[in-house]
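**Student:** Before I ask anything, let me first share the structure, which is written out below as structure tokens.
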Amino acid sequence: MKRLLLLLIFNFQFSIFNSFASPVGDLLSRVLPNGKDAKRFELRIDKQASEQYFTISCNGKKVRVTGSDNIAVATGINWYLQHYAGIDISWNSPTASLPAKLPAVKEERHKSCVDYRYYLNFCTHSYSMAFWDWERWQQEIDWMALHGVNLPLAITGMEGVWRRVLENYGYSSLDQVNEFVCGSAFYGWFFMNNLTGWGGPQPDSWYRQRTELGRKIFKRMMELGMKPVVPGYVGMVPKDFLQYAVPQKVAKWQSADIVDGGMWCSFVRPAFVNNTDRLREFAAAYYKAFDELFGDVCSTRFYAIDPFHEGGVPNGVTDAKASVRAMYDALLSYNPEAVWVCQHWQDNPTPILTHTVPAGRLMILDLHGDNNGDTSCSGHSTTADGKPHDWVWGQVSNFGGNVGLFGRMDRLIDCFYEAARNASSNGLVGIGAIPEGIENNSMLYDLLYALPWTNTEYTRQTWLADYVQMRYGVKPGSSAYDRLLSAWTRLGKGVYNCPNNGQQGTTESVFLMRPSLRAGTVSSWAGSTWYWDFSDLRTALREMLSVADELKNNENYRYDLVDLMRQALADQGKISLDSISTATGAERERLVQTFLQQILDQDRLLATRTEFRLGRWTEMARAIGETAEEKDLYEKNARMLLTTWGDRPQCERGGLHDYANREWQGLLSNFYYPRWKAFFERDCQPQRWFDDFEWPFVTGSLTPYATFTASPEGDELEVVKSLFAKYFSASLSLPATRYYPFLPSLTIVSCQVIVSCAG
């Protein structure tokens, strides 16, 4: 009887689920697909938990994970995989196999110091996710759960909501809807009310596919217990709304109720509903349409609303504060428990918002956390009476999906911990990765999402000591571990520790510039500086390359080696361009040919990994199309976003050319190289870049559509070895002195600071 009573008490407190009969069990079977690996875990949910926590233990045969909810359990699984099994589930390596003998672990407990772990930016949904299918989305949601994400931004399928609400108002054709709703690669900015219509018109199949995909995404997030942040109503409306709507449905509307939204980077912004009664009406119609499409599969109270993002209040708006109040009233009418989520970016949010929405109902995403070194929200973050709003410490480590090594490790670690220590007074409720593009620099994401769960605060040195074990599965004391730790210590103090506040993301490769003899930025707002020691980075590459024989079968190693070689070759390109600018005669011509060959060699290097191939991006785009015409439309969107971004006005006057530049195979040889070749052949004079090179690439007249492929070419280890020997053969031997995290006084080898000449 006593045993039965104890069992009943245990089952009341804990939910025990089979590895193949639960959302997390299904996740395990996907990330550990080999043999019976997934069944080697015993998973429990503590139904009585009063805080978010997990415990892990292992007796060498079974891994036991208990957590407060599905996300905590998934986080505990990942903690064991990373910190004990030497397995890092990452974008380039989404599946793994457990070791034959599981590393034993005494029970340890971890709790999150913040309630929310936020993920994604509106831009990410375009720069990285524009053409994902369900298989790729499922992989990403698994990654989110393993990293503890419980508050992701979800916008897939929301274009269907806009179609539905306009049709409910009487829009009679898809053509009318498509004058407002944008093309496949540009939804991030449509939902931030920056542009309308551009990149389309979208076929009926697009709306159907996206609605179906959105339903799958919402359903999986709901099953795991994530609370998606979905786009709320921001006051925008088509400029021709009264023209296309059925008159009886807009009988109360006047032409003065709709005002021009202005311009954004030479794009036409949506119109704005100026009458607060009409705004509430349209908002109710919007939320009704959302419920019709997703109400049964989406459970959330978080709504992303940034009505005056990057452009301010449109001219003609009578009372912006009253408009915000109307948006908030409409949101509460739809969901009385709603939380308004806004971005702290540039000068937003302003007191128009923060002094209207009460504390506890506004969550501010601080996109400036690591850039400004924030330990409290640096934007307008308090109510009218001075109470702090809830806020999320955020890191925007990537802009435009650009490729390059970059981070601010010390600020990421130190500033978040300081903010968390004072959370009771400063309003901190979460941490978040808010990048414009993903699938690069995965170390930063592993670090960021580990910080809330640590029992002992990390430093840069202690994190890297752990990271080398988890990333490559090597043990401390081994030769491979020592060399990899030395390499990562160099990277951690150098390229991953940008000291410059103004720099937006990675220092862009000069190979991707619109040609000039002066090394500078590729995109308009990047502020690139070469702040790290080039020779030290090459030493890190040499150290990493030295363990190729031991780690040749490790996918994380193979990816990282290519990425590090890519960075070293991009650095060498900067040196070459600087030399060309001062050379003359035969020496100048030799340097020009070397520089051009470096671009082609970079293309050959990146061809070895599908993650660095333009064809992966364009094949995903084409796969969505159901007809040849649709496939070409999606590839045009895919090419345009990475190059011109828009047509001539947006590319030139709007300053958007090359904003989403990518150091990718296919782009290097077919887009960037021809610009440089023409520049040098034509006496280094500026050319008609848009007319002769860029727009023809977008339209396929220079390089036809369906040219690029995702399949890798060549062996990455052999290509890295050959290029290292070609460009850095003078320094093949390892240095006598290596960096170790707990010996900070060791001598820096070959220190040469490269000073920026960017304007």
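No value in this document is a laboratory result; all are computed from the given coordinates. On a predicted model such as this, the values are computed, not experimentally measured, just so you know. Heads up, the Cβs are rebuilt from the backbone with ideal geometry, glycines too, and the neighbour counts pull from every protein chain shown.
**Student:** Is the shape of the stretch 512-731 rounded, prolate or oblate, going by the alpha carbon gyration tensor and its root eigenvalues a ≥ b ≥ c, with a/c under 1.5 for rounded and a/b larger than b/c for prolate? Write out the running numbers ahead of the final one.
**Tutor:** Numbers: a/c = 2.00, a/b = 1.17, b/c = 1.71.
Oblate.
**Student:** Which whole-Hz ³J(HN,Hα) couplings does the stretch 497-507 yield from phi under the Karplus relation 6.51 cos²θ - 1.76 cosθ + 1.60, θ = phi - 60°, glycine and proline marked x?
**Tutor:** 9, 4, x, 9, 5, x, 6, 9, x, 4, 6
**Student:** Hey, another quick one. Checking the cross-link filter: which aspartates and glutamates have an alpha carbon closer than 12 Å to that of residue 47, excluding same-chain neighbours under 8 positions apart?
**Tutor:** 69
**Student:** What list of ³J(HN,Hα) couplings, whole Hz, do you get for the stretch 521-535 from phi and the Karplus terms 6.51, -1.76, 1.60, once you set θ to phi - 60° and write x for glycine and proline?
**Tutor:** Along the stretch 521-535, the couplings run 8, 8, 9, 5, 10, 5, x, 4, 9, 9, 8, 10, 8, 4, 5 Hz.
**Student:** Which whole-number percent gives the relative contact order of the stretch 606-681, counting Cα pairs below 8 Å spaced six or more residues apart?
**Tutor:** Details: 64 pairs, mean separation 21.8, N = 76.
RCO, the stretch 606-681: 29 percent.
**Student:** Taking H placed 1.01 Å from N in the peptide plane, check which residues at least 5 places from residue 713 or on another chain put their amide H under 5 Å from its amide H.
**Tutor:** Under 5 Å from the amide H of residue 713: 608, 609.
**Student:** Quick one: what are the phi-derived ³J(HN,Hα) couplings along the stretch 93-100, Karplus 6.51/-1.76/1.60 with θ = phi - 60°, whole Hz, x for glycine and proline?
**Tutor:** Working through the residues one at a time gives 9, x, 10, 7, 10, 6, x, 4 Hz.
**Student:** Calculate for the chain the 222 nm mean residue ellipticity that helices alone would give, adding -39,500 (n - 2.57) per DSSP H run of length 4 or more and normalising by residue count, nearest 500 deg cm²/dmol.
**Tutor:** Details: 28 runs with 312 residues, N = 759.
Estimated from H runs of four or more residues: -12500 deg cm²/dmol.
**Student:** Normalised by the residues of the chain, what does the relative contact order come to in percent, with Cα pairs under 8 Å and at least six apart?
**Tutor:** On the way: 1448 pairs, mean separation 88.6, N = 759.
The value is 12 percent.
**Student:** If you don't mind, another one. What fraction of the DSSP beta bridges in the chain is antiparallel, stated in percent and rounded to the nearest 5?
**Tutor:** Numbers: 26 of 59 bridges.
In the chain, DSSP labels about 45 percent of beta bridges as antiparallel.
**Student:** If you don't mind, there's one more thing I want to ask. Express in nm, to one decimal, how much length is gained between residue 478 and residue 701 on full extension, taking 0.36 nm for each residue of separation and deducting their alpha carbon distance.
**Tutor:** Details: separation 223, 0.36 × 223 = 80.28 nm, distance 5.42 nm.
Roughly 74.9 nm would be gained on extension.
**Student:** Over the stretch 512-731, what is the mean sequence separation of C-alpha contacts under 8 Å (at least six apart), divided by residue count, expressed as relative contact order in percent?
**Tutor:** Working: 251 pairs, mean separation 65.2, N = 220.
Once normalised by length, the contact order is 30 percent.
**Student:** If you don't mind, another one. Which loop-located chymotrypsin sites (Phe, Trp or Tyr not before Pro) does the stretch 234-341 contain, where loop means any DSSP state but H, G, I, E or B and the Cβ has at most 13 other Cβ atoms within 10 Å? It would help to have the intermediate numbers written out before the result.
**Tutor:** On the way: sites: 241, 244, 253, 264, 267, 272, 282, 286, 287, 290, 294, 302, 303, 308, 328, 334, 340; in loops: 253, 308.
Here no chymotrypsin sites (Phe, Trp or Tyr not before Pro) fit, given the DSSP loop and packing criteria.
**Student:** While we're on this one: Whole Å is fine, so just give me how far the alpha carbon centre of the stretch 381-429 lies from that of the stretch 495-524.
**Tutor:** So the separation of the two Cα centres works out to 24 Å.
**Student:** Amide H of residue 148 versus every other amide H placed in the peptide plane: which residues, excluding those fewer than 5 positions away on the same chain, fall under 5 Å?
**Tutor:** The list, which skips near neighbours in sequence, is 75.
**Student:** Shape verdict for the stretch 67-158, please, from the Cα gyration tensor: rounded (a/c under 1.5), prolate (a/b greater than b/c) or oblate. The partial results should precede the final answer.
**Tutor:** Details: a/c = 2.98, a/b = 1.56, b/c = 1.91.
Judged from the Cα gyration tensor, the stretch 67-158 comes out oblate (a/c at least 1.5, b/c at or above a/b).
**Student:** To the nearest Å, what is the center-to-center distance of the stretch 118-147 and the stretch 212-277, using C-alpha atoms only?
**Tutor:** Cα centres, the stretch 118-147 to the stretch 212-277: 23 Å.
**Student:** Of all beta bridges DSSP finds with both residues in the stretch 342-430, what is the antiparallel percent, to the nearest 5? Before the final figure, lay out the partial values.
**Tutor:** Values: 3 of 12 bridges.
Expressed as a percentage, antiparallel bridges in the stretch 342-430 total about 25.
**Student:** List the aspartates and glutamates whose alpha-carbon lies under 15 Å from that of residue 631, not counting same-chain residues fewer than 8 positions away?
**Tutor:** Counting by Cα, and skipping residues close in sequence, residue 631 has these aspartates and glutamates nearby: 133, 204, 619.
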